[in-house]
Every structure is written in structure tokens, then in C-alpha cells.
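Throughout, read-outs are computed from the coordinates displayed, never taken from laboratory work. Note that this is a predicted model, so its numbers are computed, not measured. Here the Cβ positions follow ideal geometry from the backbone for every residue, glycine too, while neighbour counts run over all protein chains shown.
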Amino acid sequence: MFNPKFTITSKLLENIKRIGVLIADLNNHRFEKPVLAKFERTAREVSAHSSTSIEGNPLPLTEVKKLLKNRPEYIRDSEREVLNYNQALVYLNNIINDKKIKFDLELILKIQQTITKDLISPFGWGKLRKVPVFVNNPQTRKPIYLPPDHQDIPNLISDLINFVNNNRQKLDPLILAGIFHKQFVIVHPFTDGNGRTARLSTKVLLADMGLNIFNLFSFENYYNQNVTKYFQNVGLLGNYYEIQNQVNFTTWLEYFTDGIIDELLRVGQLLKNETTSPETTLKPYHQEIINYLEKNGFIADRDYAKLTKRAKPTRNLDFNKLIDLGLIKRLGKGKATYYKLSK
């Protein structure tokens, strides 16, 4: 039975209160759809970059943005890692928005399978590990932590998920999500993808418990600013069986909530400072496209041509702008190309 040790310190309590105030403040402001779409796109870019960078991916943010906008024909492993993470983000945002979340082992396995597909052996996609693993110091590459034996993994993960689902009404969502994050990393249930799966699972858990503003910012960004500090707080040193009863989650929970505050402040300030700009302003002809889509479900260029006198190259620019803002998506190819609203 998983029974984590932690203390609700004055700092942790103050952090939780402050997060509540910051979220309420954001929710009390109305932002135009193009502005929100821009921030959602940026959040995915930053999250995909930060979370993979934590694990050693060398791609800079500028390259990640290009990659997510224009997927190349031939993909290196470093690029696939980013694309997989972004795919997982899109999938999770869709089930969050559709309120189809069931926080269980199946969801966690789905996340791990998505982020590791074509990067490791198929025997490791979406499956709990059946071999021993070591955690190395990312700088020295020497073992610093021996996780639980693989035969104990199913019970440890089951205990953790049961703890989360049995304490939803008893513990603050931030405390519960923070405990899940660290314990998941401690258990280390997969041969690869443990950190990325932990961060994505924590995101969806918070959203499932009512804190769904995380499509606008990236708490992975906070960890990536000081990776050494993140590993020091989230991980353990030594043999799991020798130290499992000594683990105290208090310091991690303070750090975890510090990170959410830091990112909320950063993005909140950016949102409030966002002014109407050519990049995010919709013209009447853009709105014509949106209105048509809301009424008919899809639109092709020939349909748009009947709504406006704009030339074909200009109509293409109109569609591209709405795609860049995340408001619509392009489907089909050539003359069969059409557009639908993004979820």
C-alpha cells in the first residue's frame, strides 16, 4: 500500500493559494480566439522542446518550431522524439476537451507508446518493463539510482494509480499530482520514456481534476531552465529497497508548485500584454470562413471563392493564416483539399 510522507508546510500552503488566485485571475479575463490559439500552439512547441531537452534532445526551440510546422520527409531520431511528444500533447488535449479522460494504466501505457514509437524496440512500446534498469547521472553517465525490480512494477504502479483515484476528494489536486509525478519517476516502470510519460500524465491528471489551463503554458519549461535542480528534486539516489521508507515528498511538492507559479506568472503576463496585432487580428473575410465552417462543417477554396472577391493566391494566404492560428486544419490534397475547424 502506497502511503507517501509529506508535510503541508506554510510555503506549500501559500503556493497552493497563490496558484488558485492566479488561475482565477486568468479565467476572469476574456481573450480573443486567435490569441488563445496562438498561445496554445506556442505552449505545445515549448512543451515538446523542453520535455525532450530535459532528456538530452539537442534540437533548439527554433528548430522544434520549424519541425512542428513543416514535417520533413526524412526524420532523425531527435526529430521523431519531438514529433512523438507533440502527438501525445495533441491526443491528450483532445480527450481533455472531449471530457473522455479515464486516468488508469491504459492511458499511461498509451502515452508511453506514443512518445517511444519507432525510437525503441516495439517490445517496449506501451508495456511495463520486464528487465532491470539503472538510472545514470546525465553528466557522468554513471549509475546513481537502482529502481525497483521489474517483477514488482505492476503492483507498484497499481498502488500509485489507486492512491490517486482514491484520494481525489481528500487531497488538493496540486498535492496529488505532485506526489504522482515523483513516485512515478521513482518506480521507473518503463525501459524508456519514464520522465516524458510522468510529465504528460501529470498534465492530464491536473486537467482531469479541474486545473485545465495547462494547454496555455508548459510547466516542462520551468524544469528545463535548470535540469540539474529538477533531477535533484524529482529523483532518488541509491537502491530503491534501501531508501523507499525514507522518501519525503515535501521538498518536491514545494518545488513542483513553485514551477507552476513561475509559468503561470510568465504566461499570464504575456496574455495580458498581448495587444491586437496583424498576426492575431481576424479580418471580415477570415470570419466569413469561420462562419461558413460553423454552419457547414467544411469548406473548400471553391466555396470560399463564392463568398469573396479575393484572388486565389490571397485566398490561400487567408486559409494559411487561420491554420497558423490553430483555428482550422487542412485535409485532403490538390483539388480535393478542404478545411475544417480545429477542435
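Hey, in the GNM for the chain with a 10 angstrom Cα cutoff, which one of Glu81, Glu294, Glu45 fluctuates hardest?
Answer for the Gaussian network model of the chain: Glu294.
Reachable aspartates and glutamates from Lys321, Cα under 19 Å, same-chain residues fewer than 8 places away excluded?
Partners within reach: Glu32, Glu40, Glu45, Glu274, Glu279, Glu288, Glu294, Asp301, Asp303.
Where does helix 194-208 land angle-wise versus the long Cα axis of the chain, in degrees 0 to 90, nearest 10?
Helix 194-208 and the main axis of the chain meet at about 70 degrees.
About the Cα centre of the chain, what is the dipole size in debye to 20, counting +1 per Lys and Arg Cβ and -1 per Asp and Glu Cβ, all else neutral?
1400
Beyond a 24 Å Cα-Cα separation, which of these cross-linked pairs lie in this structure: Lys69/Lys182; Lys11/Lys170; Lys17/Lys203; Lys110/Lys333; Lys110/Lys182; Lys142/Lys182?
Beyond 24 Å: Lys69/Lys182; Lys110/Lys333.
Counting other C-beta atoms within 10 Å, and keeping those with at most 11, which DSSP coil chymotrypsin sites (Phe, Trp or Tyr not before Pro) do you find in region 63-109?
Values: sites: Tyr74, Tyr85, Tyr91, Phe103; in loops: Tyr74, Phe103.
Taking region 63-109 and a limit of 11 other Cβ atoms within 10 Å, the loop chymotrypsin sites (Phe, Trp or Tyr not before Pro) found are Tyr74.
Quick one: divide the alpha-carbon radius of gyration of region 237-339 by 2.2 N^0.38 Å and tell me what you get. Don't skip to the answer; put the middle values down first.
Working: Rg = 24.1 Å, N = 103, 2.2 N^0.38 = 12.8 Å.
Scaled against compact globular proteins, the figure is 1.88.
Report the relative contact order of the chain, percent, no decimals, based on alpha-carbon pairs under 8 angstrom and at least 6 residues apart.
24
Tell me, in nm to one decimal, what length is gained between Lys295 and Lys312 on full extension, where the rule is 0.36 nm per residue of separation less the Cα-Cα distance?
Length gained, Lys295 through Lys312: 3.9 nm.
Label-point separation (nm) for Phe2 and Lys170, each offset 7 Å from Cα along Cα-to-Cβ?
1.4
Note down the nm distance, to one decimal, between modelled labels 7 Å out along Cα→Cβ at Arg18 and at Tyr241.
That separation, rounded to one decimal, is 4.2 nm.
Can you sort Glu79, Glu263, Glu14 so the residue with the fewest Cβ neighbours within 10 Å comes first?
Going from least to most buried by this count: Glu14, Glu79, Glu263.
In which sequence would Ile54, Ile8 go, from the one with the fewest C-beta neighbours within 10 Å to the one with the most?
Numbers: Ile54 18, Ile8 13.
Least crowded to most crowded, the residues run Ile8, Ile54.
Among DSSP beta bridges lying fully in the chain, give the percent that are antiparallel, nearest 5.
Looking only at bridges with both residues in the chain, the antiparallel portion is about 70 percent.
Working from Cα positions, state the angle (0 to 90°, nearest 10) between the long axis of helix 284-296 and the longest principal axis of the chain.
70
Springs between alpha-carbon atoms under 10 Å, Gaussian network over the chain: tell me which of Phe217, Phe123, Phe39 tops the mean-square fluctuations.
Phe123
Counting other beta carbons within 10 Å of each Cβ, put Asp318, Asp104 in order, fewest first.
Ordered from fewest to most neighbouring Cβ atoms within 10 Å, Asp318, Asp104 come out as Asp104, Asp318.
Please state, as a whole number in µm²/s, the translational diffusion coefficient that the Stokes-Einstein equation yields for region 10-273 at 10 °C and 1.306 mPa s, with Rh defined as the Kirkwood radius across alpha carbon pairs.
Values: Rh = 19.0 Å.
For these conditions, the coefficient is 83 µm²/s.
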